[in-house]
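Quick notes on the structure that follows.
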Amino acid sequence: MKSLDQLLRDLAVQNGLFLLDTQGSTFMAVSNLISDQTSDYAGRISEFAASAIRAEKISMFDPTDPAKGFIPVRIGVHAGRLLADVVGNRDPR
């Protein structure tokens, strides 16, 4: 079974999103950055969010011990103008 992190990475690719950062329990993806998605950027990020919720339902803390439960997912979505370029021109560090 894939890890939740890998499931989210795959979902980002499927929805044409730019993976900005994964740090600890935070996963950040951006629409309308890799290519022109002005006509459907909100739909893409919304579909990613809905798919992430579905991925949560199959991502157990410990697959050998289902009693430990599933990994919780919190989702926030922002749509609108970007005030600054995403972490300095697509994430150089």
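Just so you know, all these numbers are worked out from the coordinates, no wet-lab data involved. Only a predicted model underlies this, so the values are computations on that prediction, with no experimental measurement involved. Quick reminder, even Gly has a Cβ in these numbers, built from the backbone with ideal geometry, and neighbours come from all protein chains shown.
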#### Entry: Ordering of 3-16, 51-64 by burial proxy (mean other Cβ atoms within 10 Å per residue, highest first)
3-16, 51-64
#### Entry: Residue-span extension gain [T26 to K68] - 0.36 nm each, minus C-alpha spacing
13.0 nm
